[in-house]
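Undergrad: Before I ask anything, here is the structure I am working with.
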Amino acid sequence: MRGFGVAAAAAMAALAGAADARTLAVSAERLLDPANGRYVEKPLVLIVDGKVQSVGKAGDAVPAGAERLDLPGVTLLPGLIDMHVHLTSVAEIGGYNYLEYSDAFWPVVATKHAKATLEAGFTTVRNVGSENYADVGLREAIDGGYIPGPRIVTATYALGATGGHCDSTFFPPSMAEKSPFTVDSPDEARAKVRLAKKYGAQVIKVCATGGVFSRGVSVGAQQLSVEELKAIADEAHMAGLKVAAHAHGADGIKAAIRAGIDTIEHVSLVDDEGIQLAKARGTYFAMDIYNTDYTQAEGKKNGVLEANLAKDREVADVQREGFRKSLKAGVKHVFATDAGIYPHGQNAKQFAVMVRYGATPLQAIQAATTTAAEALGQSGQVGRITPGAWGDLVGVNGDPLADVTVLERPVVVVKGGEVVKRN
């Protein structure tokens, strides 16, 4: 009995300590654990000082003074993760129209995009490329509590070849426009990785092939050698950073995988060899298979050049079939939308497209939770509602395992124990 009394006293002391901390007690109809696809009925989640302390059941003890968030009929999931966004980009400003705006315009509108993304249920994002270190400033403002927004993993500038997708390709020679992060040798590649890290990169973004929204290059053409890509991956990994490679063409995809790059973005024209290589090496695919619906419907009105829209059409169906084939083959997929090509806050529309092309609802949700957290190197911190993780929750009406489109309409969003949206 004496031992029981000591244990009880310890439990009561822990509860008393939690009451002195900032505590949120969240109850709901059920909670989805994406790691196993199982529901916890009538959960009670205690979040203390921004972190999940416990996941119990309705009726469990709640510290005195804790804030209550009771959500009858609501299904809880971990805060969602989008692995490919551009918060400083505006979908409605395409082609040359961006030249009408000053350099200072983009980080200002990014604050609106960050809020929209967070309220859409995405509490963590990876911002893979921005100019003037604007994503770093945005992250600092969010982390400091000055503006609302998701947790941002920042890349700063994307690295790429001179004249390639990540260079400035819309200008004549007389204007001498060039990205400060072009690389044309392995040594230059290593130096630019170090520079990006120095000024706030938490992930390195590199353009291995041409792209849809650059000018004068084939969408699939490889633009960096395996040696250059390997130098980037080796330097980043030595510094403890992951690497994301923009790669549409089959050769560039395989070169990036062989170089040891962690996630391959877009993956539009992947071939069977590339799929098997990714599976064998555990490389993640980050395939933005929704956004073509938006760009083909709205791109011309937004000023996107016909040459870019033609490239978009060229890869759309092939990319979606590549998603289906690679998923079936067992390649690991993360949720990646390229938001900024279409309006921020609409990220969850991709879930339904993933399901249409072969994913189960659970696989699509895992891509935006547990698998994305693993790819970030943040398992146990984000992507699950488990003790020690950040207290990031999204609540929806309905069953996302039966109808994944309910994720497009979150009724509550919690980030770090703070309620940031409640309908």
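The values are calculated or read from the model by the stated rules, or taken from the named source; none is laboratory data. This is a predicted model, so every value here is computed, not measured. Note that we place each Cβ from the backbone using ideal geometry, even for glycine, and neighbour counts take in every protein chain shown. SASA here: full protein model, heavy atoms, side chains in, ligands and nucleic acids out. Shrake-Rupley method; radii C 1.70, N 1.55, O 1.52, S 1.80 Å.
Undergrad: Might you check whether a residue that is part of a strand (DSSP E or B) and acidic (Asp, Glu) occurs anywhere in the range 409-423?
TA: The answer is yes; a qualifying residue exists.
Undergrad: Out of the residues in the range 146-158 that are more than 19 Å from VAL382 (Cα to Cα) and of a type outside the set (A, V, I, L, M), state the one that is surrounded by the most Cβ atoms within 10 Å (Cβ to Cβ).
TA: THR156
Undergrad: Filter the range 165-183 for residues that are more than 24 Å from the chain's Cα centre (by Cα) and touching a residue at least 40 places away in the same chain (Cβ under 8 Å); which is surrounded by the fewest Cβ atoms within 10 Å (Cβ to Cβ)?
TA: PHE170
Undergrad: Out of (1) over 24 Å from ARG215 (Cα atoms); (2) part of a helix (DSSP H, G or I), the odd one out for GLY145 is which?
TA: Condition not satisfied by GLY145: (2).
Undergrad: With the structure loaded, tell me whether ASN97 is under 16 Å from the mean Cα position of the chain (by Cα) and either surrounded by fewer than 20 Cβ atoms within 10 Å (Cβ to Cβ) or touching a residue at least 12 places away in the same chain (Cβ under 8 Å) (or both) or whether it fails that test.
TA: Against the criterion (under 16 Å from the mean Cα position of the chain (by Cα) and either surrounded by fewer than 20 Cβ atoms within 10 Å (Cβ to Cβ) or touching a residue at least 12 places away in the same chain (Cβ under 8 Å) (or both)), ASN97 does not qualify.
Undergrad: Go through the range 109-120 residue by residue and tally those that are part of a helix (DSSP H, G or I) and either among the small types (Gly, Ala, Ser) or more than 30 Å from PHE351 (Cβ to Cβ) (or both).
TA: 3
Undergrad: Further, regarding this structure: Of LYS332, LYS325, LYS349, which residue is touching a strand residue (DSSP E or B) at 6+ places or on another chain (Cβ under 7 Å), open to solvent by 50 Å² or more (accessible area, probe 1.4 Å), in contact (Cβ under 8 Å) with a residue 24 or more places away in the chain and within 17 Å of MET287 (Cβ to Cβ)?
TA: On the way: LYS325 fails: touching a strand residue (DSSP E or B) at 6+ places or on another chain (Cβ under 7 Å); LYS349 fails: touching a strand residue (DSSP E or B) at 6+ places or on another chain (Cβ under 7 Å).
Going through LYS332, LYS325, LYS349 in turn, just one is touching a strand residue (DSSP E or B) at 6+ places or on another chain (Cβ under 7 Å), open to solvent by 50 Å² or more (accessible area, probe 1.4 Å), in contact (Cβ under 8 Å) with a residue 24 or more places away in the chain and within 17 Å of MET287 (Cβ to Cβ): LYS332.
Undergrad: I'm trying to understand the selection: among the residues of the range 297-310, which are touching a residue at least 60 places away in the same chain (Cβ under 8 Å), open to solvent by 20 Å² or more (accessible area, probe 1.4 Å), assigned to a helix (DSSP H, G or I) and farther than 16 Å from ASP338 by Cα?
TA: ALA307
Undergrad: Show the residue pairs meeting these rules: Cβ distance below 8 Å; 6+ apart or different chains; first residue within the range 125-140 and under 9 Å from VAL153 (Cβ atoms); second residue in a helix (DSSP H, G or I) and among the acidic types (Asp, Glu).
TA: ASN127/ASP135
Undergrad: Which condition does GLY210 not pass, out of (1) modelled with pLDDT of 95 or more; (2) buried (at least 24 other Cβ atoms within 10 Å of the Cβ), if it passes all the others?
TA: With respect to (1) modelled with pLDDT of 95 or more; (2) buried (at least 24 other Cβ atoms within 10 Å of the Cβ), GLY210 is out only on (1).
Undergrad: Considering each of THR337, THR386, THR371 in turn, give the residue that is open to solvent by 10 Å² or more (accessible area, probe 1.4 Å), in contact (Cβ under 8 Å) with a residue 40 or more places away in the chain and either under 21 Å from GLN202 (Cβ atoms) or assigned to a helix (DSSP H, G or I) (or both).
TA: Exactly one residue qualifies, and that residue is THR371.
Undergrad: Only one of GLY358, GLY377 is open to solvent by 30 Å² or more (accessible area, probe 1.4 Å), more than 20 Å from LYS205 (Cα to Cα) and either of a type outside the set (A, V, I, L, M, F, W, C) or out of contact with any helix residue (DSSP H, G or I) (no Cβ under 8 Å at 6 or more places or on another chain) (or both); which?
TA: Only one candidate passes the filter, namely GLY358.
Undergrad: Please go through the range 248-290 and pick out each residue that is open to solvent by 10 Å² or more (accessible area, probe 1.4 Å) and of a type in the set (Phe, Trp, Tyr).
TA: TYR284, TYR290
Undergrad: Kindly indicate whether any position in the range 61-80 is closer than 24 Å to ALA244 by Cβ, of a type outside the set (Asp, Glu) and outside any loop (DSSP other than H, G, I, E, B). Working first, answer last.
TA: Filtering the range 61-80 for residues closer than 24 Å to ALA244 by Cβ gives 78-80.
Retained after the next criterion (residues that are of a type outside the set (Asp, Glu)): 78-80.
Next, from what is left, pick out any that are outside any loop (DSSP other than H, G, I, E, B): 78, 80.
Within the range 61-80, one or more residues are closer than 24 Å to ALA244 by Cβ, of a type outside the set (Asp, Glu) and outside any loop (DSSP other than H, G, I, E, B).
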